[in-house]
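Notes follow the structure.
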Amino acid sequence: MSIDKQQGEGAEVLLMGNEAIARGALEAGVQVAAGYPGTPSSEIIETLSRYAEPGKLYVEWSANEKVAMEVAAAASFSGLRSLCVMKQNGVNVASDFLLHLVGSGTRGGMLLVSCDDPGALSSVNEGESRHFARLMEIPLLEPADFQEAKEMTLWAFTLSEEIRNIVMVRSVTRMSHASGNVVLGALPPSRGKAEFLCDGKVSDPERGPMISAPVVEKHRLQQEKIRKAATIFETSPFNAYAGPERPELLIITSSACRLYSNEAVSLLAAEGRVGILKLGTTWPIPPAYVKKHLMATEKVLIVEEVLPFLEEQVKILAAEQVREIGFKTFYGKNDGTLPMSGELNPDLVAAAIGRILGIAPPAIPAVYGEKLRMYAGLVPRREQTFCPGCPHRAAYWSIREALQRDGRNGFVCGDIGCYAMAVLFQAAGFHTAKTLHAMGSGIGLASGFGKLGSFGMDQPVLAVCGDSTFYHAAIPALINAVHQNANVIFLVLDNSGTAMTGFQSHPGLAVNAMGDAVPMVDIAAICGAMGVKVVSGDPFALRETRETLNQLMEEGGGVKVLILKQSCALSPEKKARKQYLMRVDEHLCRGDACGCNRLCTRIFRCPGLLWDREKGKAQIDEVICAGCGVCSGICPAEAIRCEEAPLS
Amino acid sequence: MKRNERESGQAEKESVPGGQKELEEEVLRAGLCTGCGACVNLCPYQASYRDRTVTLHHCDLTRGSCYAFCPRTPADLDALQQKLYVGADLTPEVGAVSGFFITRAADETIRRQAQHGGTVSALIALALREGLIDAAVLTGEGERLLPRGITVGDPETAARLGKSRFVVSPTVAEFNRVSRTDCLRIGVVATPCQALALAKMRAQPVADTESGIEKLRLVVGLFCGWALSWRNLTALLEERMDLAAITGMDIPPSRYHTLDVYTGAGTNRISLDEVNSCVRESCRSCGDMTAEFSDLSVGSARLPEGWETARFWNQVIVRTKPGSDLLDLARRKGVLEFREVPAGNLEKLKAASLNKKRTAASV
């Protein structure tokens, strides 16, 4: 991480977008920060957690995004500056609270930072959180570079306090995870103490209770606030125009798309013809400011990710002002000039500009093609799968074997975590997992599937979820399944951390985001309290796990919980520590002959196993083998041998 | 057997190559799997679960032991019989017959614990005691009437495991397992399909697999009309009784048309019409009633005194020299009692067997 406490005002440092956002919050004197891990947002809370100090900054990984927003709101209600952070679909989770929060308003400056993932690089959706700003009627800011990410975050607290409502800052993967130079500002002295003033009237925003009623009156006040924000945005330094006075084509853009637009214009050498209006305040757009720029051109291209959010606002404005600004030709998502799904990039934007202005994009030099072909051949073909030593591979192996034995076409409802790869990639889940939706939806869907017996369905229904997902959203669905007596086997794949996003803490762990000792909330005890059968096991014990699963499937009758606990292979306590030294006894290895046919490298496919083509035998890749020993349990010839590794 | 008979007429006399894919298409998904276990414990891809054979993972070999050993994959059964039996002994109805007897265990304890005359239990116990075999692969009872293949080394235990099971056990899977251990001489008590699988192993070992088939010294075949699906049978029985209370089952001669289920509280008679719906699909097309690929085959007897006497005796078809030697030894040691075979018994058995072949061929 590039920022540390030693670096003060004026220092220019290389920061990741998420670090710049965290730095902006620190420079604003943020006192409470809460979030739920999710790529590409996680580094913001992680960075802030390093600055946590009693009485100065409290940071937590909350059980889910809604709780994170509630925790941050409580701080705001008590006069503190607070921040809640999540990825795009986290906003969906928080949105029910958000709808009511915008009605009650806030006190201390409060931000919602959402990091979207256009192109779904680390998501199973490319949902856009920007629409929540319009839906909830709160101001939206979108930084377009790293310095701005810091400045915008810093300023957003002031805006929030000015309009007494939450302000949304939206980043995208390419902003959050790319890095750039940022000049640091000063860190402020500690701010005031927390006190929730609540002895006033409902109508008193300073001392009244924090509620969204009377609804219509509060709603009207909220809309006043948003009009105020629009006025403030008219002169915001986060909106900027660069280009000729009367551009042939005006690009209106925001966020990382500003960088793509700059690059595209430069690629086409069209600086004299194209102007770029970069908006940082993207809801509501400042009408007079945008109108002024619309008047200077005839053609408008809106470049944004993912849906036509700015485009629709600009078109509405243009329609309202048509008498003054005249007719314009709009290009963007709606007319297909730019794709409405996936990420944009400079090439796509350049092609769009080229089509509009009749400029042929410069041809890619032939040498690139040659190099591409040359290097592509050098890259080994790799499939996405679980890491060597991953407990999920072992768990799914047992699930596969149990389902095949059972023979009734049972299936697994997947969920969000590394174990979701079982749905996406066949080598990871051995064709067992068949659904994948939101966090906690595995057990929710299973609760529904598990009630279809009376319609003739006799397929065993399994659901998986990780430990962090369990606390996040699985509990209500599990309670439903129990209460409705759905026929479900619920597997908690407990790898002792929010592993996929980088081992953030969760309620099942004894340490919180700040490194403090905290009470652990026990999954088995929670499930046990629901009154269902709970079995605990080790996913590395393949036979035991499989037999338990088959027994649970035979038993049927309501919800059964199987908790498979084994730390992630990359967890700090396991990493670089092998329990076993593995080797293949070549004399015993049956290789590709009948009786084995490369079960380990063809079906099990742990990346730590190699196939020696010349010898026709399996091998261990000692460099990446994690030494879990699981593969020795699948070898039919007992050729994969485990030796207890010496303590390092 | 329909498939086998059809295939046997073809010019191609060698085994047809096939792997898991063909096994799945032609046997498992076609409903022809007998659950014998011949394809299990050879590799990590097939397993027995309950009374079914299941595919755990996909194997892409085009020639596999699983397919070669399966009693339901194409094979030239005539050639197999010619290879394993004396040509002059072969009959079209019941396979090789070098002798035909009516016997029972001399030891009344064995008879009480076994089905009918206890001949099989007595012979296996004898073979173990005399060292003709050092391991016997038998069918033991698991939970809820679910049979399982087990290997027994001591004669006393073997003598206790003689009850008829009406659900197939993966006996050949157990043979596959135990033949790769340090046992040296193995005897197997086998249903007709299991005996055929063992015969196919004897005749066509797949070179790549370390096989223990040479350790097979004795196959005692069991007469078999059909086996029942475990799931269906337990469902049928659980409607009427507590499974744990069942002490045995039997099918009296055909005029009774019942499955008799013995419990501590008495005998439950279930009409064969109801039982018929529980019969494994694969059994309907099987034409082997007398385990033609055994060393000797044992089943229930017919006697002029009627069922109440006959049910404590067995009929035995001796097919090979090892079978004949074992029966002679049993006679010399007084392990079995013999009585005169009533005139026409073998002919009646042949007629019944032929009837099953005809029914199977029409499926």
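The values are calculated or read from the model by the stated rules, or taken from the named source; none is laboratory data. For clarity, every value in this text was computed on a predicted model and none was experimentally measured. A quick note on method: Cβ atoms are made from the backbone with ideal geometry, for glycine too, and the neighbour counts reach across all protein chains shown. Heavy atoms of the whole protein, side chains included, go into the accessibility calculation; ligands, DNA and RNA do not. Shrake-Rupley method; radii C 1.70, N 1.55, O 1.52, S 1.80 Å.
Laid out as a table, the results:
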read-out	value
Condition check for A:I443: in contact with a Leu (Cβ under 6 Å, 6 or more places away or on another chain), surrounded by 15 or more Cβ atoms within 10 Å (Cβ to Cβ) and either away from every other protein chain (no Cβ under 14 Å) or more than 30 Å from A:A473 (Cβ to Cβ) (or both)	yes
Candidate set from the stretch B:68-85 (those that are within 14 Å of chain A (Cβ to nearest Cβ) and open to solvent by 10 Å² or more (accessible area, probe 1.4 Å)); member that is nearest to the chain's Cα centre (by Cα)	B:C70
Lone qualifier among B:A47, B:A30, B:A88 - being open to solvent by 10 Å² or more (accessible area, probe 1.4 Å), outside any loop (DSSP other than H, G, I, E, B) and either more than 14 Å from chain A (Cβ to nearest Cβ) or at pLDDT 95 or above (or both)	B:A88
Residue within the stretch B:266-278 that is assigned to a loop (DSSP other than H, G, I, E, B) and touching a helix residue (DSSP H, G or I) at 6+ places or on another chain (Cβ under 6 Å) present	yes
Residue within the stretch A:576-596 that is away from chain B (no Cβ under 14 Å) and in contact with a Pro (Cβ under 7 Å, 6 or more places away or on another chain) present	no
Check on A:L424, under 24 Å from the mean Cα position of the chain (by Cα) and farther than 25 Å from A:L509 by Cα	yes
Condition met for A:C642 (among the hydrophobic types (A, V, I, L, M, F, W, C), in contact (Cβ under 8 Å) with a residue 24 or more places away in the chain, more than 14 Å from chain B (Cβ to nearest Cβ) and closer than 21 Å to A:S496 by Cα)	no
Filtered residue count, the stretch B:138-166, keeping only those that are more than 26 Å from A:Q551 (Cβ to Cβ) and not basic (K, R)	10
Strands (runs of 3 or more DSSP E) (entirely within the stretch A:264-320) containing at least 2 residues that are assigned by TED's automatic domain parsing to the domain that holds A:F330, within 18 Å of A:N334 (Cβ to Cβ) and open to solvent by less than 10 Å² (accessible area, probe 1.4 Å)	A:299-303
Failed criterion for B:T103 (all others in (1) farther than 17 Å from B:A190 by Cα; (2) touching a helix residue (DSSP H, G or I) at 6+ places or on another chain (Cβ under 6 Å); (3) within 14 Å of another protein chain (Cβ to nearest Cβ); (4) buried (at least 24 other Cβ atoms within 10 Å of the Cβ) hold)	(3)
Hits in the stretch A:620-638 (condition: closer than 12 Å to A:L599 by Cα and touching a strand residue (DSSP E or B) at 6+ places or on another chain (Cβ under 7 Å))	A:C631, A:S632
Restricting the stretch A:321-335 to residues that are over 18 Å from A:Y260 (Cβ atoms) and open to solvent by less than 70 Å² (accessible area, probe 1.4 Å), the residue that is nearest to the chain's Cα centre (by Cα)	A:F330
Among the candidates A:S76, A:S114, A:S62, A:S123, residue that is surrounded by fewer than 23 Cβ atoms within 10 Å (Cβ to Cβ) and either in contact (Cβ under 8 Å) with a residue 24 or more places away in the chain or over 18 Å from the mean Cα position of the chain (by Cα) (or both)	A:S123
Residue satisfying condition, being within 29 Å of B:L56 (Cβ to Cβ) and modelled with pLDDT under 95, within set A:A446, A:A499, A:A481, A:A541	A:A499
Matching residues, the stretch A:617-634, being within 14 Å of chain B (Cβ to nearest Cβ) and either over 25 Å from B:T55 (Cα atoms) or in contact with a Cys (Cβ under 6 Å, 6 or more places away or on another chain) (or both)	A:A618, A:C631, A:S632
Whichever residue in the stretch A:546-571 is within 14 Å of another protein chain (Cβ to nearest Cβ) and modelled with pLDDT of 95 or more and, among such residues, is nearest to A:E401 (Cα to Cα)	A:R546
The stretch A:409-434 residues that are outside the structural domain of A:A120 (by TED's automatic domain parsing) and more than 14 Å from A:A463 (Cα to Cα), paired with ones that are at pLDDT 90 or above and assigned to a strand (DSSP E or B) (beta carbon under 6 Å, 6 or more apart)	none
Selection from the stretch A:137-160 of residues that are at negative phi and either open to solvent by 10 Å² or more (accessible area, probe 1.4 Å) or among the small types (G, A, S) (or both)	A:A144, A:D145, A:F146, A:Q147, A:E148, A:A149, A:E151, A:L154, A:W155, A:A156, A:T158, A:S160
Where a residue in the stretch A:214-236 is touching a residue at least 24 places away in the same chain (Cβ under 8 Å) and its partner, wherever it lies, is open to solvent by 50 Å² or more (accessible area, probe 1.4 Å), with Cβ under 6 Å and at least six apart	A:E234/A:A288
Residue in the stretch B:309-322 that is small (G, A, S), on the phi < 0 side of the Ramachandran plot and within 16 Å of the chain's Cα centre (by Cα) present	no
Among the candidates B:G149, B:G118, residue that is touching a Pro at 6+ places or on another chain (Cβ under 7 Å) and surrounded by 24 or more Cβ atoms within 10 Å (Cβ to Cβ)	B:G149
Residue within the stretch B:291-313 that is open to solvent by 30 Å² or more (accessible area, probe 1.4 Å) and at pLDDT 95 or above present	no
Sole exception among (1) free of Cβ contacts under 8 Å to residues at least 24 places away in the same chain; (2) open to solvent by 40 Å² or more (accessible area, probe 1.4 Å); (3) within 14 Å of chain B (Cβ to nearest Cβ); (4) not small (G, A, S) for A:E614, by number	(3)
Failed criterion for A:T548 (all others in (1) in contact with a strand residue (DSSP E or B) (Cβ under 8 Å, 6 or more places away or on another chain); (2) without any contact (Cβ under 8 Å) to a residue 40 or more places away in the chain; (3) not acidic (D, E); (4) not assigned by TED's automatic domain parsing to the domain that holds A:I523 hold)	(4)
Unique match (being out of contact with any helix residue (DSSP H, G or I) (no Cβ under 8 Å at 6 or more places or on another chain) and under 19 Å from A:F411 (Cα atoms)) among A:D458, A:D522	A:D458
Some residue of the stretch B:56-67 being within 30 Å of A:T548 (Cα to Cα), acidic (D, E) and either facing chain A (nearest Cβ under 10 Å) or surrounded by fewer than 22 Cβ atoms within 10 Å (Cβ to Cβ) (or both)	yes
Residue list for the stretch B:50-85, filter: under 30 Å from A:N409 (Cβ atoms) and not in a loop (DSSP other than H, G, I, E, B)	B:R52, B:T53, B:V54, B:T55, B:S65, B:C66, B:Y67, B:A68, B:F69
